[in-house]
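Asks: Got a structure for you, questions after.
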Amino acid sequence: MTLEAGSAAEPPRSPGVFGRMVGLWFGVPLWQRIIAALLLGAAVGLFWGPGAASIKWIGDLFVHLIRMAVIPLVLVTIVSGVAALGDPRRLGSIGVKTLVLYLFTTSVAVGVGLSLGVFAQPGLGADFSAATPQVLSASGSVGLGINDVVPANIFKALADGALLPTIFFALLLGSAILATGEKARPMAAMFESASEVMLKVVAIIMEFSPFGVFALIAMVMGTTGVSVFANIGVLALCVLGGSIFQSLIVHGLIVRLMAWLPVIPFFRGITDAMLVAFSTSSSMATLPVAMRVAEENLGIKPAVVSTALPLGATVSMDGTALYIALLATFAAQAFGVQLSLEQYLLIGVTTVMVAVGTAPVPSASLFMLAGVLTTFGISPEQTAVLVGFILPFDRVLDMIRTVPNNTSDLAVATVVARWENEIDVEIYKSSKDI
Ligand code: ASP
C-alpha cells in the first residue's frame with residue numbers, strides 16, 4: 001500500500017491548538033515578528049533591569065548562528081556570482097563603481113558627523129570625572145595592509161573568519177572558473193547550487209531571529225537602557241539624528257537619484273537587515289541577511305550582491321564614519337582644542353580611512369578613535385579617558401550607527417546593479433516578503 005493511498009483513506013484531521021498557534025506564528029511576516037520582539041524585548045528589559053543579562057545566551061546563540069553562515073556564504077556566492085558574469089572585465093567595472101560609491105557615501109557621512117559636532121557642540125562642558133580610562137590595544141592603525149587582504153593561507157583565513165582575504169580568494173577562484181571555460185562548468189554549477197543552499201540556511205536561521213532580537217534588546221535595555229540619552233544627551237541625540245539622516249535622506253536620495261528607483265520599496269525590502277543590524281550591532285552578523293534581502297526583495301542579481309555587499313560590510317561604514325567624526329569634534333570641545341579648517345579636513349580624510357579599516361563587529365569604532373584624535377594632538381591618555389567615558393553607553397550608540405553602515409551597502413549595491421543592468425525591477429517594485 002502506498003503512502004498516498006493510506007492518507008487518502010483517512011479523514012482530514014483539524015490542527016490542534018499547537019498546530020493553530022504555529023500556523024498563526026508563521027502567518028505573520030517575519031519583519032513584523034521581529035519588530036514585535038524588539039518592542040517586547042525593550043519593555044521586558046526596562047522592567048527587568050540588570051537581571052535581563054541572564055537571557056544573554058539566547059542573543060549570543062542567534063549571533064553565533066548567523067555569523068556561522070558568513071564565511072561559507074561569502075565564499076560560495078562570490079565564486080558563483082563572478083562565474084555568472086560571463087566576462088571577467090565586468091568584474092572590474094562593478095568593482096570600481098562600487099568602491100567609488102562607497103568612498104562617496106562615507107565622505108558624506110563624515111561631513112554629516114563633523115557638521116553635527118560643530119553645530120550641536122556635544123563636547124562642551126563634558127565631565128570626565130566618573131570615567132575609568134580604557135587602555136586600547138588595537139588603536140591607531142589606519143587603513144589596510146597587505147596581510148589584511150591577501151591571505152598567505154586561505155584555510156587559515158577561512159577558519160579565522162577573515163572577510164577580506166576570503167573575498168580576495170573567492171574573486172580569484174571565480175575569475176579562474178571564467179577563464180577556464182568549458183572544463184570548469186561542473187565547478188560553476190556546484191558553487192551556484194551551494195549558494196542557493198546557503199541562502200536557504202540563512203532563511204532558516206532567520207526564523208530564530210525574533211527570539212534572538214528579543215533577548216539582545218532586553219539585555220541592552222536592562223543593563224544600559226535609555227539612560228544613555230540622559231547621561232551623554234547631546235552626543236546620543238547627534239548619533240541618532242545623524243544616523244537617521246544618513247540612512248533615510250542620503251541613502252534614500254542615492255537610490256532615487258542615482259538608481260532612478262522609488263525609495264519606499266527599497267526601505268520596505270531591507271527592513272529585516274536594518275532590524276538585525278540594530279539588534280546585533282554587527283555588520284558582519286548582518287551580512288548574510290543583507291545578501292538575502294538584496295537578492296530576494298530588491299531583485300539584485302548574484303553578480304552584484306555577492307561582490308558589493310561583502311566588500312561593503314568591511315570597507316563601507318557610514319555610521320562608523322559619522323560617529324568617529326562626531327567624537328573627534330566632541331574630544332576637541334571637551335579638551336579645549338580650537339580646530340582650524342585644515343585640521344577639520346585632516347580629520348575628515350583620516351576618518352574615511354579609519355572607517356574603511358574598522359572591523360564590522362560591536363564597538364569596533366572606539367578602538368580606532370586614537371588614529372583620528374592624534375591628528376590634532378589628543379594624547380593616548382586623553383583618548384583612554386574619552387573611551388572610558390563613552391564605553392558604558394556605547395552599545396546603544398553602536399546599535400544606532402550600525403544601521404547606516406548597512407543601508408549604505410544596500411543603497412550602493414542597488415545603484416551599481418541598476419547601472420550594470422543586474423537588477424530585476426519588477427521584483428524590486430513588488431518588494432515581496434512584506
Ligand atoms: N558595530 C559597527 C559595525 O559592526 C562598527 C562600529 O562602528 O563599532 O558595523
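Asks: Could you check the simple spin-label distance between residue 20 and residue 426, using points 7 Å along Cα→Cβ, in nm with one decimal?
Replies: Label at residue 20, label at residue 426, 3.9 nm between them.
Asks: Going highest first, how would you order 287-293, 171-177, 275-281, 201-207 by mean Cβ packing within 10 Å?
Replies: In descending order of packing, they fall as 287-293, 275-281, 171-177, 201-207.
Asks: Also, I was wondering about something else. Can you find, among 379, 27, 146, the residue sitting farthest towards the positive end of the charge dipole of the chain, where Lys and Arg contribute +1 and Asp and Glu -1 at Cβ?
Replies: About the Cα centre, the residue reaching furthest to the positive side is 27.
Asks: Dipole of the chain (Lys/Arg Cβ +1, Asp/Glu Cβ -1, origin at the Cα centre): which of 112, 306, 284 lies farthest to the positive side?
Replies: 306
Asks: Counting only other residues whose beta carbon sits under 10 Å from that of residue 242, what net charge do I get with K and R as +1, D and E as -1?
Replies: Result for the local shell: 0.
Asks: Still on this model: Looking at the stretch 178-243, which chymotrypsin sites (Phe, Trp or Tyr not before Pro) are in a loop (DSSP not H, G, I, E or B) and have at most 15 other Cβ atoms within 10 Å?
Replies: 208
Asks: I would also like to ask the following. Give me the percent relative contact order of the chain, please, defined on Cα pairs under 8 angstrom at least 6 residues apart.
Replies: Values: 685 pairs, mean separation 132.5, N = 434.
RCO, the chain: 31 percent.
Asks: Within 14 Å, Cβ to Cβ, of residue 366, how many net charges do the neighbouring residues add up to if Lys/Arg are +1 and Asp/Glu are -1?
Replies: With Lys, Arg at +1 and Asp, Glu at -1, the neighbours total 0.
Asks: Sort the stretch 361-408 into rounded, prolate or oblate with this rule: let a ≥ b ≥ c be the square roots of the eigenvalues of the Cα gyration tensor; rounded if a/c is under 1.5, and if a/c is not under 1.5, prolate when a/b is larger than b/c, oblate otherwise.
Replies: Cα axes put the stretch 361-408 in the oblate bin.
Asks: Of 23, 59, 111, which is the most mobile in a GNM of the chain whose springs link Cα atoms less than 10 angstrom apart?
Replies: Highest fluctuation of the listed residues: 23.
Asks: How would the stretch 233-355 be classified by its alpha-carbon gyration tensor: rounded, prolate or oblate, with rounded meaning a/c under 1.5 and the a/b versus b/c comparison settling the rest?
Replies: It is prolate, given that a/c is not under 1.5 and a/b is the larger ratio.
Asks: Give the accessible area for residue 67 in Å² (nearest 10); use a 1.4 Å probe, count only protein heavy atoms, and leave out ligands, DNA and RNA.
Replies: Here the residue's solvent-accessible area equals roughly 100 Å².
Asks: To continue, here is another question. Would you kindly derive the ³J(HN,Hα) couplings of the stretch 404-416 from the backbone phi angles with the Karplus curve 6.51 cos²θ - 1.76 cosθ + 1.60 (θ = phi - 60°), listing them in order in whole Hz, with x for Gly and Pro?
Replies: x, 4, 8, 5, 4, 4, 6, 5, 5, 4, 5, 5, 4
Asks: For the stretch 75-117 and the stretch 206-220, what is the separation of their Cα centres, given in Å?
Replies: Between the Cα centre of the stretch 75-117 and that of the stretch 206-220, the gap is 30 Å.
Asks: Sticking with this structure for a sec: Could you pull the Rg and Dmax for the chain, using just the Cα atoms, both in Å?
Replies: 22.9, 87
Asks: Sort 307-317, 152-162, 331-341 by packing, meaning the average of other beta carbons within 10 Å per residue, with the highest value first.
Replies: Working: 307-317: 27.5, 152-162: 13.5, 331-341: 15.4.
Put in order of decreasing packing, that is 307-317, 331-341, 152-162.
Asks: How large is the translational diffusion coefficient of the stretch 303-400 in µm² per second when you combine the Kirkwood radius over alpha carbon pairs with Stokes-Einstein at 20 °C and 1.002 mPa s?
Replies: 153
Asks: Any idea of residue 342's accessible area? Nearest 10 Å², probe 1.4 Å.
Replies: 130
Asks: Sum up the lysine pairs in the chain that clear both bars: alpha-carbon distance under 18 Å and a spacing of 8 or more or different chains. Numbers along the way, then the final one.
Replies: Values: 97/301; 200/301; 200/432; 301/429; 301/432.
Close lysine pairs under the 18 Å cut-off: 5.
Asks: Assigning unit charges at the beta carbon (Lys, Arg +1; Asp, Glu -1) and nothing else, what dipole magnitude in debye, to the nearest 20, does the chain show about its Cα centre?
Replies: I would put it at about 320 debye.
The values are calculated or read from the model by the stated rules, or taken from the named source; none is laboratory data. Bear in mind the structure is a predicted one, so any value in this text is a computation, not a measurement. Glycine gets a Cβ as well: all are built from the backbone with ideal geometry, and neighbour counts include every protein chain shown. The protein model used for the area step is the full one, side chains on, heavy atoms only, and it has no ligands, DNA or RNA in it. Shrake-Rupley method; radii C 1.70, N 1.55, O 1.52, S 1.80 Å.
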